[in-house]
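A.B. asks: Pasting in a structure now, in structure tokens, and then I'll have a few things to ask.
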Amino acid sequence: MPASDRNRRLTQFLDLLRGARRFLLTGHENPDGDCIGAQVALFHLLRALGKEVQIGNPDPLGRAYDFLLRHTPIGHLRGDDPLPAVDAVVLLDCCQLSRLGPLGRRIATSGAKIAVIDHHVGSESGDGDVAYVDPGAAATGALVRRLFRECSVPLSEPAAEGVFLSLVADTGWFRYSNADHEVFTMAAELVAAGVDGSVLFDRLYRRNHPDCAGLLGTALLRHSLRCDGRLAIACLDRDYMERAARADFDTDAVLDPLRSLDGVEVVALLKERFDGSVKVSLRARGDLDVQAVAATWGGGGHRKAAGATVRLALGDAERAVVAEVQRALGTAEATRP
Ligand code: AMP
Ligand code: MN
Ligand code: MN
């Protein structure tokens, strides 16, 4: 996008932030660390600007994130809850109301202005009346950090914690290729603003329910290697997902051990949802563009991390994913990482 268009879009976005008085911040289903961290930071930015702000997500906050509640109220809007009366709804870490399930349909008909802050491929053409997007940004929280500067508001400690959570969530604690100069520069500022990374790490990952070790082991035992060892795939059925939900187990923990296997270029995690659909998560190590693979089913994301919802039975979804990855690997150069 040309710089002049970018500036015009930013001006429109800031005009909406300044003009509206009451805000609802929301994001995609099953909000992750980037989505929640960005919401927390934006909550404090808008409060510093004198606005009325509330956060309402389409799903409840995972237990791992409950420590954020000490500084920031983070709510959940159920399918039949009335929408709060607001002037603007801000979608964070996604750009389409369809990513919010039933809540998205109610927002669409509410008459509120919609603002998008996002970093996904294609976010330039999402559902926002105004949008502040950059697919080159490592995390949505990094965009909110930039907005603090645009508004000349200093970072408070709770906001810094939110941005830091966003950065670590989407860069795998600074390990992925999106951990760029901006990420490390911001991280240094956030530490200066009072964030303690090791305390945050313990809060996020070291308070797991005792069943989580067994759940991780079971999920890993269910993986298989396909496409000549280039795809590692694990399928978690509804029964497993019920047990995982009871222990608040974050199934993303399964991705990394599978990604670590020599020769594996793509990891696919398939989870059977309670409505019978299958959530597909794809991660790439080599050059394969998994965003393009996820787009086959109307999903999206980034080149190296993407997702989709597939309306097939679990076994059929598995066959479809193997076939699609096989096809993508066949057309891509062999890229042994
Ligand atoms: P996940 O596998 O759910 O952790 O998602 C990986 C990346 O893909 C994240 O950036 C998600 O926001 C994005 N993503 C997941 N599911 C979808 C979807 N159905 N449509 C668009 N983007 C998605
Ligand atoms: Mn996300
Ligand atoms: Mn993100």
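Every number in this text was worked out from the coordinates using simple rules, so none of it is lab data. Model, not experiment: these values are computed from the prediction. Positions of Cβ are backbone-derived with ideal geometry, glycine not excepted, and every protein chain shown enters the neighbour counts.
A.B. asks: Ignoring solvent entirely, what values of log10 I(q)/I(0) come out of the Debye formula for the chain at 0.09 Å⁻¹ when each Cα is a single scatterer?
C.D. replies: -0.47
A.B. asks: Further question on the same structure: At q = 0.12, 0.13, 0.16, 0.21 Å⁻¹, what log₁₀ I(q)/I(0) does region 212-336 have when each alpha carbon counts as one equal point scatterer in the Debye sum?
C.D. replies: -0.39, -0.46, -0.71, -1.22
A.B. asks: Debye sum, Cα scatterers, region 97-250, no solvent: what log₁₀ I/I(0) at q = 0.09, 0.10, 0.18 1/Å?
C.D. replies: Here the Debye-derived log intensity ratios amount to -0.44, -0.55, -1.20.
A.B. asks: Here is a follow-up. What share of the DSSP beta bridges in region 212-336 is antiparallel, in percent to the nearest 5?
C.D. replies: On the way: 19 of 25 bridges.
Bridges in region 212-336 are about 75 percent antiparallel.
A.B. asks: Which order, highest average first, do 35-44, 252-261 follow once you tally other Cβ atoms within 10 Å for each residue and take the mean per peptide?
C.D. replies: 35-44, 252-261
A.B. asks: Of His119, Pro31, Pro84, whose Cα points farthest to the positive end of the dipole of region 1-127 (charges on the beta-carbon: +1 Lys, Arg; -1 Asp, Glu; origin at the Cα centre)?
C.D. replies: Pro84
A.B. asks: Further, regarding this structure: Starting with the highest mean, order 81-92, 125-136 by the number of other Cβ atoms within 10 Å, averaged over the residues of each peptide.
C.D. replies: Details: 81-92: 19.9, 125-136: 18.3.
In descending order of packing, they fall as 81-92, 125-136.
A.B. asks: Something else about it: Give the percent of DSSP beta bridges with both residues in the chain that are antiparallel, rounded to the nearest 5.
C.D. replies: Working: 19 of 45 bridges.
That works out to approximately 40 percent antiparallel.
A.B. asks: Just to check, using Stokes-Einstein with a Kirkwood Rh over alpha carbon pairs, what's the diffusion coefficient of region 3-204 at 20 °C and 1.002 mPa s in µm²/s?
C.D. replies: Values: Rh = 16.6 Å.
Estimated diffusion coefficient is 129 µm²/s.
A.B. asks: Still on this structure, I have one more. Among 294-307, 7-20, 153-166, 100-113, how do they line up from the highest to the lowest mean number of other beta-carbon atoms within 10 Å? Can you show the working numbers first?
C.D. replies: Values: 294-307: 19.1, 7-20: 15.1, 153-166: 23.7, 100-113: 16.6.
Final packing ranking: 153-166, 294-307, 100-113, 7-20.
A.B. asks: Starting from 0 in steps of 10 Å, tell me what percent of the Cα-Cα pairs of region 34-94 lands in each bin.
C.D. replies: Result, from short to long distances: 19, 57, 24, 0 percent.
A.B. asks: Per DSSP H run of at least 4 residues, take -39500 (n - 2.57); add these up for the chain, divide by its residues and hand me the 222 nm value, nearest 500 deg cm²/dmol. Mind showing how you got there, number by number?
C.D. replies: Working: 12 runs with 136 residues, N = 337.
So the calculated ellipticity at 222 nm is -12500 deg cm²/dmol.
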